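Before any comments, here is the structure.
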2 protein chains.
Amino acid sequence: MRLYSYWRSSASWRVRIVLAYKKINYEYVPVNISPSHSAQHEPSYAEVNALRQVPVLEWSHRGELTRLTQSVAITEHLEAIHPSPQLLPDEPLKRARVRELLEIINSGVQPLQNTAVLNCIKKLTGDDMAIDWARGVNEHGMLAIERHVSTFGGRYAVGDALSMADVFLVPQLYNAARFGVDLTRFPRSVDIAARASELPAFVAAHPDAQQDAPAKAST
Amino acid sequence: MRLYSYWRSSASWRVRIVLAYKKINYEYVPVNISPSHSAQHEPSYAEVNALRQVPVLEWSHRGELTRLTQSVAITEHLEAIHPSPQLLPDEPLKRARVRELLEIINSGVQPLQNTAVLNCIKKLTGDDMAIDWARGVNEHGMLAIERHVSTFGGRYAVGDALSMADVFLVPQLYNAARFGVDLTRFPRSVDIAARASELPAFVAAHPDAQQDAPAKAST
């Protein structure tokens, strides 16, 4: 398997965690989506992902090349084909709570503050507004996330077992911090993310541990 | 079951289609999220959904009230507890293609043009920019969607059987049209959505058929 990834892309990070947690070997293909490079807009990348985003997981089976995009579709697929160790609980309502938290992050927060959107806001209004926008989006989302983990969380984001919800939570907290959100307001989320972050798979998948991370990362 | 819904909310619409297709009875609770009402911002609605969005599915079981948010979490849960008629294919890669298309719409397009975001863009830049923004987001997304259905679609969005991908595709085309996207550029998507739209469940779930739709809808 090959993963098209960018060190600081939170959607790539989610897939890296799942691959590491399930001990699936893969080749890392860096795609520099930073505004100064925009490698995703090179003509050849349209073949890889028409939406010009990372991550993309690619594999060959009997000579046929398959590419799968969208972090939720990729992580659900990895769970389906490599069910152990498990990242979705068996009980239907608990599974729904995992997907609920994951989508609060995946569709409620992340798309509104990704590089493409921030570039548009910058063009429309200037740099400061883009940071304000990103912080506002993250704060609003963190309120819902903190409430969710306070209600349904335990040792981890949903109950006491690690799940896909933690996989999505950890990069979300990194983004919120990056855009200046005061995380002391969200102590349950911080506590759970800190616990998950210590696991070897999460350590291996961290942006700073990727081959395309700058020697000294800007934060 | 009770569904907190707004007639023209595409995320609510998805859930309405699944409920109708699986013949699950429910009570319709209208939430007027139009800018002139903003009922989702009333203090009491925070209890229902901290992100102040529709849809929310609510039910009681042995005296315990459960509320589930996020259209993907809700539709996946309905599929899990009411597996027939089926909306997710059995074959893992086909299932992944359904979730991929669904997330292109759910996280790649819809969040960037929902009411809350358009209100922000209006405040920052004025009305015209908001419409341009929404059209741009929809056009970009439609390119990826058209390519997806041209590659993996058949009679329906993924293969020849109706799936969750069609449930998400139909409201997406309605939104794209509403924001002035020229749909003649996306003939496969239009053809598939037209076929799905004729099914009784899709007719029943259409915005214009909802109790909170204005007598004569603005388009």
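None of the figures in this text is laboratory data; all of them are computed from the coordinates on show. Since the structure is predicted, the reported quantities are computational estimates derived from the model, not experimental observations. Because the Cβ atoms are built from the backbone with ideal geometry, glycine has one as well, and the counts that use them run over all protein chains shown.
How high is the relative contact order of the range A:42-132, in percent, counting Cα pairs under 8 Å that sit 6 or more residues apart?
Working: 44 pairs, mean separation 10.5, N = 91.
Answer for the range A:42-132 is 12 percent.
Rg and Dmax of the range A:64-144, using alpha carbons, in Å: what are they?
16.7, 47
Residue by residue through the range B:36-47, which ³J(HN,Hα) values in whole Hz follow from phi under the Karplus form 6.51 cos²θ - 1.76 cosθ + 1.60 (θ = phi - 60°), with glycine and proline marked x?
Residue by residue, the range B:36-47 yields 6, 10, 6, 4, 5, 9, 5, x, 5, 6, 4, 4 Hz.
Across all directions of projection, what mean area in square nanometres is found for the Cα convex hull of the protein assembly as shown?
The Cα convex hull of the protein assembly as shown, projected and averaged over all directions, gives 20.5 nm².
How big is the equivalent ellipsoid of the range A:2-84 along its three axes, where each semi-axis is √(5λ) from the Cα gyration tensor, reported in whole Å from largest to smallest?
22, 15, 10
Compute the label-point distances linking A:Tyr26 to its equivalents in the other copies; points lie 7 Å from Cα along Cα→Cβ; give nm, one decimal, shortest first.
3.3
Apply the membrane-span-like helix rule to chain A: whole DSSP H runs, Cα extent along the own long axis of at least 18 Å, mean Kyte-Doolittle hydropathy at least -0.5. List the helices found.
Details: long enough: A:92-106 (20 Å, -0.21); A:127-152 (37 Å, -0.25); A:164-178 (22 Å, 0.55).
Qualifying helices: A:92-106, A:127-152, A:164-178.
Hey, got the average number of other protein chain Cβ atoms within 10 angstrom for residues in B:91-99?
Mean number of neighbouring Cβ atoms from other chains: 5.
Based on DSSP H runs of at least 4 residues, each adding -39500 (n - 2.57), what is the mean residue ellipticity at 222 nm of the protein assembly as shown after dividing by all its residues, to the nearest 500 deg cm²/dmol? Intermediate values should be presented prior to the final figure.
On the way: 18 runs with 222 residues, N = 438.
Result for the protein assembly as shown, helices only: -16000 deg cm²/dmol.
So for the range B:92-202, averaging the separation of alpha carbon pairs under 8 Å that are six or more residues apart and normalising by length, what relative contact order in percent results?
Relative CO of the range B:92-202 lands at 29 percent.
Hey, what's the Cα Rg ratio for the range B:44-190 versus the globular rule of thumb, 2.2 N^0.38 Å?
Values: Rg = 17.2 Å, N = 147, 2.2 N^0.38 = 14.7 Å.
Working it through for the range B:44-190, the quotient is 1.17.
What is the average number of partner chain Cβ atoms found within 10 Å of a Cβ in B:107-120?
Taking all residues of B:107-120 together, the mean is 4.
For the range A:171-219, I need the span (max minus min coordinate) of the C-alpha atoms along each principal axis, in Å, sorted largest to smallest.
Projected onto its principal axes, the Cα set of the range A:171-219 covers 33, 24, 13 Å.
At A:Lys122, with labels set 7 Å past Cα in the Cβ direction, how many nm apart are the copies from this one, shortest first?
Label point to label point, same position, other copies: 2.8 nm.
What does the copy distance list look like for B:Pro92, label position 7 Å along Cα→Cβ, in nm and ordered from shortest?
2.4
Which value, in Å³ per residue, describes the convex hull spanned by the Cα atoms of the range B:37-95?
123
Among A:Ser107, A:Ser34, A:Ser12, which one shows the biggest mean-square fluctuation in a GNM of chain A, springs joining Cα atoms closer than 10 Å?
Of A:Ser107, A:Ser34, A:Ser12, the most mobile in the Gaussian network model is A:Ser107.
Dividing the alpha-carbon radius of gyration of the range B:114-167 by 2.2 N^0.38 Å (N being the number of residues), what value is obtained?
Normalised Rg, Cα atoms only: 1.55.
Got a sec to turn the phi values of the range A:52-69 into Karplus ³J(HN,Hα) couplings, 6.51 cos²θ - 1.76 cosθ + 1.60 with θ = phi - 60°, whole Hz, x for Gly and Pro?
The phi angles translate into 6, 10, 9, x, 10, 9, 10, 8, 10, 9, 6, x, 9, 8, 10, 10, 10, 10 Hz.
Below 12 Å, Cα to Cα, which aspartates and glutamates can A:Lys22 reach? Residues fewer than 8 away in the same chain don't count.
Reachable aspartates and glutamates: A:Glu79.
Amide H of B:Val56: which non-local residues (sequence gap of 5 or more, or other chain) have their own amide H closer than 5 Å, using H built in the peptide plane?
B:Tyr4
With the cut-off at 22 Å, tell me which of the pairs A:Lys122/B:Lys122; A:Lys94/B:Lys94; A:Lys23/B:Lys94; A:Lys122/B:Lys123 have Cα atoms farther apart than that. Could you put the intermediate results ahead of the total?
Details: A:Lys122/B:Lys122 15 Å; A:Lys94/B:Lys94 25 Å; A:Lys23/B:Lys94 24 Å; A:Lys122/B:Lys123 15 Å.
Distance filter (> 22 Å) returns A:Lys94/B:Lys94; A:Lys23/B:Lys94.
Please tell me the relative contact order of chain B in percent, rounded to the nearest whole number, where contacts are Cα pairs under 8 Å and at least six residues apart.
23
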